[in-house]
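Nothing in this text is a laboratory measurement; each read-out follows from the coordinates by a stated rule. Just so it is clear, the structure is predicted and the values come from calculations on it, not from any experiment. Here Cβ is always computed from backbone atoms with ideal geometry, including for glycine, and neighbour counts include all displayed protein chains.
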Amino acid sequence: VSLIAISIVCSRKRAYSKEAVYSDKLQHYSTGRELSLRADMSNCPSPLGCPTHFSGSPGMKIYIDPFTYEDPNEAVREFAKEIDVSTVKIEEVIGAGEFGEVYKGRLKLPGKREIYVAIKTLKAGYVEKQRRDFLSEASIMGQFDHPNIIRLEGVVTKSRPVMIVTEFMENGALDSFLRKNDGQFTVIQLVGMLRGISAGMKYLSEMNYVHRDLAARNILVNSNLVCKVSDFGLSRYLQEDTSDPSYTSSLGGKIPVRWTAPEAIAYRKFTSASDVWSYGI
C-alpha cells in the first residue's frame, strides 16, 4: 500500500511538472505573438494601410493586397522585379489572355543562365485601368514563394509592350494536357498531380488569399508533371477582421460559374472553402 501511495504521489508531481512546463511554453508563445503584433503595428504608418494579420514567426512575410495601394505602380515596384527588355527574347505565340497574347520566350539575366519563360503581353491601345489590372497579377504573384505556385520572373513596364514574365511550363494547361494524354497516366502520377495542386492551394489559404478561379485550365504542368497554380487575375486578399474570412465580389465582377461554389454564385461571397469546391470540380 505504501509503495502504491508513493507511486501515485510521484506520478502527480511529474504530471504537474509537465503542465508547468507546457504552461510556461504557452505563455512564452502567446507573449511572442503579442510582441510580433505590436511590432507590426508600431511600424505601420496608417492603420488603414496595414495588414490585418501578423507574422507568426520572425522573418515571415506579410502579404499585402495590391488593390489597397493608392498608387498601383507602387505595388508593382515593391513586389515585382523590373526586367530590362533587352534580356527578353520573344519566340512564339502559345496562347491568348484577356489583356493580350502569351508567348514562349527566353530570359537571360546578367550572371545567370538563359532560361525559357512565358511572357504575357498587354495589347496596344490600352487605357490606364487595363494596365493597372494587368500588372496587379504580377503584384500578387511576386509575393508568393511555393513550388506549386507559378513563379514570377519579373515585369517589363518601361518599354512597350508591357510584359509579365513567368517560369515556362512545358506541358501547358492541365485540362488540355489530360485530354491529350488520356489513359496514359498511372494512379500514382494522377494522385501526385492532385497533391501538388492541393499543396499550392493550402499555401494560398494560409496566406489568406482566395483564388476564385481555380480550374484545370489555370493549372500549369511542367516536364516533371509538377502542377502549379496560375492565373491570379481574380485572386483577392481575404479580410481577417471577421470570424469568417471572406472576399465579397462586386455585382459587376466576373464569376467562372462552372467551377464556382453555390454560395459564391448566390451571395458573391468567396472564401477558401469555395476554392475547395472548385478543387473538387
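Just to compare against my own numbers: the Cα pair-distance distribution for region 68-110, 10 Å bins, whole % per bin, please.
Reading the bins upward from 0: 23, 34, 36, 7.
Taking 0.36 nm per residue of separation and subtracting the Cα-Cα distance, what length does fully extending Lys129 through Val187 add? Write down the numbers at each step before the final one.
On the way: separation 58, 0.36 × 58 = 20.88 nm, distance 4.51 nm.
Here the answer is 16.4 nm.
About its Cα centre, how strong a charge dipole does region 173-222 have in debye, to the nearest 20, once Lys and Arg get +1 and Asp and Glu get -1 at the Cβ? Write out the running numbers ahead of the final one.
On the way: 6 positive and 4 negative charges, 8 e Å.
In total the dipole reaches around 40 debye.
Quick one: the Cα spread of region 83-130 along its three principal axes, in angstroms, biggest first?
36, 22, 11
Quick one: go through region 132-146 and flag any residue whose amide nitrogen is under 13 Å from the point 7 Å out along the Cα-to-Cβ line of Leu109.
The answer is 142, whose backbone nitrogens lie closer than 13 Å to the label point.
If I model a spin label at Asn73 and Glu206 as a point 7 Å from the Cα along the Cα→Cβ vector, what separation in nanometres do I get?
Taking the two extended label points, one gets 3.6 nm.
Report, please, the projected area of region 66-167 averaged over directions, based on the convex hull of its C-alpha atoms, in nm². Display every interim value, and only then the final one.
Values: hull surface 26.7 nm².
Taking a quarter of the hull surface, the average projection is 6.7 nm².
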